[in-house]
Each structure stands twice: as structure tokens, then as C-alpha cells.
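Novice: Have a look at this one before I ask anything.
The values are calculated or read from the model by the stated rules, or taken from the named source; none is laboratory data. It should be emphasised that the depicted structure is a prediction, and the values quoted were computed from it without experimental measurement. Cβ sites come from the backbone with ideal geometry, for glycine too, and all protein chains shown count toward neighbours.
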Amino acid sequence: MDTGDILGLLLVYGYVVLLLVISEKVLNKYPNFSRKFLHIMVGNVLFILPIFESRWVMAFLAAAPFIILTYLISPYSPLKIKDKISGSGHSLGLVYYAISWTVLALIFFNQPWIIAVGIAAMSYGDGMASLIGIKYGKTKYNLSGDTKSLEGSLTMFIILIVTLWIVLTYYAVPADPLVICSVALVATIFEGVTPKGLDNLTACFSGVATYILLTI
């Protein structure tokens, strides 16, 4: 294992542990906000990705272990742990989050900006859509058994336009405004039509859509 991989693992795990401590100890009185805080802020791991030097380390040591961890703190856990973060909202949302990161890392390790786009869609976009939708969402719609709001969807679209520009700039990828708006729209549509937390899984398509649009 190279130095970059070791440093990357230390940063990822150290950062996630810090977020968990804040969520559980500081924000424990606000379980829904605490879950969304974790959901959104963990997206900052996208800035750590360039440090990794091995596809297998990123996928199987940095991303995949969180599939097991988040499942063990979900309501489906055989350990019967009642966790406030996973217990509020979609019970397997964070599990799908970790699965998406693992899949993207395996396929697009040599193009980390694609992984970063997927993570941004899952964290910043979907997380902010839920927060704003819950508090200010008045215009409801239900396309697949999961009620959402136009206000939340619009928030996701706007947030993604901003964050995708930041991500592509960070990775020194030409930030074509048309591509950014197209990917933001695709991710927002996926989030709107996908039920029961699976929107964290379909965020993979945001990264793939970016790849397609920038390489055609």
C-alpha cells in the first residue's frame, strides 16, 4: 500500500469519525437534521479522492467498509442497534450511498472527477433537497410511492449547478455550463422519480451522465 493510499484512508476515516461524533454528541437532539448533516457533509470526501493511488484501496478499504457499517446501524441490522441517524428517514439510504461510491470507485478510479460528481449528487444535491423540501416544500408530488416536493427538487437542481462547477474546477476539468446544467437536471429527475432512498443509488448515473456528455 502506497503512502497516498494510507494518507487517504486516514483522512477518510478520521473525517467520517469526526462527523459521527458531531452528529451523535452535538446534534443528537435533532435526529432528522443530524442525519442530513452527516449525509451532506460526508460528501466532502470527494476532495480527498486524488490522494489515493490504488483503485482497490479506494473501493474496498475506503468505500466498501461503509456498506457494512451503515447496514449494521440500520433498522435491518442483526445487532439490533437503534441508531438515530439511520433510523430517521430512509432506513437504507446511507447503505446505498456507500454502494454507489464503491461502484463508481471501481469503474472510474482513473477519472476521479466522475466519482466526485456522483458523490456530490448524493450528498449536496439530495441532502439539501430533503432539508428544504421538508421545511418549505408546499407543492407535493408522488411518482413512485415516495412523496417529494417541487421546492426540494428545484433546490437540488440549483445546488448541483453550483457544486458541480466547483467539483469540475477542483479536478481541472473544463466546466461547460451546458453539461453542468444537463447533469444537474438528470440527477434531479432521478432523485424525483426514484423511491425509498434508492435516489442515493441512482446518483451513480449523475457521474456516468457527466462522463458521457464530456466525452462525446
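Novice: Would you confirm, using the coordinates I've provided, whether Ile6 is aliphatic (A, V, I, L, M), part of a helix (DSSP H, G or I) and under 20 Å from Gly93 (Cβ atoms)? Break it down stepwise before answering.
Specialist: On the way: aliphatic (A, V, I, L, M): yes; part of a helix (DSSP H, G or I): yes; under 20 Å from Gly93 (Cβ atoms): no.
No: the conditions fail for Ile6.
Novice: Would you confirm whether or not segment 22-39 contains a residue that is at pLDDT 75 or above and under 23 Å from Val208 (Cβ atoms)?
Specialist: For segment 22-39, residues at pLDDT 75 or above and under 23 Å from Val208 (Cβ atoms): present.
Novice: Being among the hydrophobic types (A, V, I, L, M, F, W, C) and either surrounded by 16 or more Cβ atoms within 10 Å (Cβ to Cβ) or closer than 12 Å to Gly125 by Cα (or both) is the filter here; which residues of segment 184-194 pass it? It would help to see each step written out before you state the result.
Specialist: Looking only at segment 184-194, we keep the residues that are among the hydrophobic types (A, V, I, L, M, F, W, C), and these are 184-187, 189-190, 193.
Once the filter is applied, which keeps residues that are among the hydrophobic types (A, V, I, L, M, F, W, C) and either surrounded by 16 or more Cβ atoms within 10 Å (Cβ to Cβ) or closer than 12 Å to Gly125 by Cα (or both), segment 184-194 yields Ala184, Leu185, Val186, Ala187, Ile189, Phe190.
Novice: Of Val21, Val17, which residue is under 20 Å from Ile99 (Cα atoms), free of Cβ contacts under 8 Å to residues at least 12 places away in the same chain and either among the charged types (D, E, K, R) or in a helix (DSSP H, G or I) (or both)?
Specialist: Details: Val21 fails: under 20 Å from Ile99 (Cα atoms).
Of Val21, Val17, the one residue that is under 20 Å from Ile99 (Cα atoms), free of Cβ contacts under 8 Å to residues at least 12 places away in the same chain and either among the charged types (D, E, K, R) or in a helix (DSSP H, G or I) (or both) is Val17.
Novice: Only one of these is at pLDDT below 70, surrounded by 18 or more Cβ atoms within 10 Å (Cβ to Cβ) and in a helix (DSSP H, G or I): Gly197, Gly207. Name it.
Specialist: Details: Gly197 fails: in a helix (DSSP H, G or I).
Result: Gly207 is the single residue among Gly197, Gly207 that is at pLDDT below 70, surrounded by 18 or more Cβ atoms within 10 Å (Cβ to Cβ) and in a helix (DSSP H, G or I).
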